[in-house]
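A.B. asks: First the structure, which I've put down as structure tokens, then a few questions once you've had a look.
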Amino acid sequence: MYHTLDLFFMILHPCIIIFNLFGWIWKKTRKANLVLLLLTASSWFVLGIFKGIGYCPLTDWHWQVLRKLGQYNLPNSYIKYLLLRLTGIDLNDRLIDIVTVTSFFVALGFSVYFNLKKKSKS
């Protein structure tokens, strides 16, 4: 069962990350993209007050599954984990954090812009 849950998170979480980064591109997904980005920001910065800035419940749940599968010493960053697991590349934690946060805010900026632009033309 834990292997199935691991696979589930290895599909779901990257799909959410990709949608967060690029969902603003298509008109039909812009509103959902903005909602998901705001939920992500709430998790990182509101729940993060209590659990650590950057907290993600999906990462937390996936880490619980991986611990049941005997994996320990997991990185703080899910992006770092994905890079390690999928490519074997071990980049600097700080670099990954900077690229992750920068990418998030760029995507959020585009999402806000295109969602507001749509409303101002209506």
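A.B. asks: Accessible area of the stretch 4-122 with a 1.4 Å probe: how many percent of it is carbon plus sulfur?
C.D. replies: Details: 5370 of 7930 Å².
After summing per-atom areas, the C and S share lands at 68 percent.
A.B. asks: Of all the Cα-Cα pairs you can form in the chain, what percent are over 24 Å apart? Mind showing how you got there, number by number?
C.D. replies: Values: 2417 of 7381 pairs.
Within the chain, distances greater than 24 Å cover 33 percent of Cα pairs.
A.B. asks: What is the angle, in °, between the Cα long axis of helix 30-42 and the longest principal axis of the Cα atoms in the chain? Nearest 10 is fine, range 0 to 90.
C.D. replies: On a 0 to 90 degree scale, this one is about 50.
A.B. asks: Assuming 0.36 nm per residue, please report the length gained on full extension of the stretch Ile11 to Leu47 beyond their Cα-Cα distance.
C.D. replies: On the way: separation 36, 0.36 × 36 = 12.96 nm, distance 2.37 nm.
Gain in length upon complete extension: 10.6 nm.
A.B. asks: Go from 0 up to the bin containing the longest alpha carbon distance in the stretch 28-69, width 5 Å each, and give me the % of pairs per bin.
C.D. replies: 7, 23, 18, 19, 16, 11, 4, 1
A.B. asks: Please give the peptides 21-34, 4-17, 63-76 ranked by average Cβ packing (other Cβ atoms within 10 Å per residue), highest first, as a rough proxy for protection. Spell out each step's value before the answer.
C.D. replies: Numbers: 21-34: 16.3, 4-17: 14.2, 63-76: 12.6.
With the highest mean Cβ count within 10 Å placed first, the list reads 21-34, 4-17, 63-76.
A.B. asks: Under a crude label model (7 Å from the Cα following the beta-carbon direction), how far is Asp90 from Phe19 in nanometres?
C.D. replies: 3.4 nm
A.B. asks: Could you tally up the Lys pairs in the chain with alpha carbons closer than 22 Å? Skip any pair fewer than 8 positions apart unless they're on separate chains.
C.D. replies: 15
A.B. asks: Would you calculate a helix-derived [θ] at 222 nm for the chain, using -39,500 (n - 2.57) for each DSSP H run of n ≥ 4 and dividing by the full residue count, to the nearest 500?
C.D. replies: On the way: 6 runs with 89 residues, N = 122.
Theoretical 222 nm ellipticity from helices: -24000 deg cm²/dmol.
A.B. asks: Okay, next question. To the nearest 0.05, what FRET efficiency results for Tyr72 and Leu116 with a Förster distance of 30 Å applied to their C-beta separation?
C.D. replies: Working: r = 45 Å, r/R0 = 1.49.
FRET efficiency, Tyr72 to Leu116: 0.10.
A.B. asks: Would you mind getting the accessible area per residue of the chain, heavy atoms of the protein chains only, 1.4 Å probe, in Å²? Intermediate results must be reported in sequence, preceding the final value.
C.D. replies: Numbers: 8320 Å² over 122 residues.
Ligands and nucleic acids excluded, the figure is 68 Å² per residue.
The values are calculated or read from the model by the stated rules, or taken from the named source; none is laboratory data. Everything numeric in this text was worked out from a predicted model, so none of it was measured. Quick reminder, even Gly has a Cβ in these numbers, built from the backbone with ideal geometry, and neighbours come from all protein chains shown. For accessibility, only protein heavy atoms count, side chains too; no ligands or nucleic acids. Shrake-Rupley method; radii C 1.70, N 1.55, O 1.52, S 1.80 Å.
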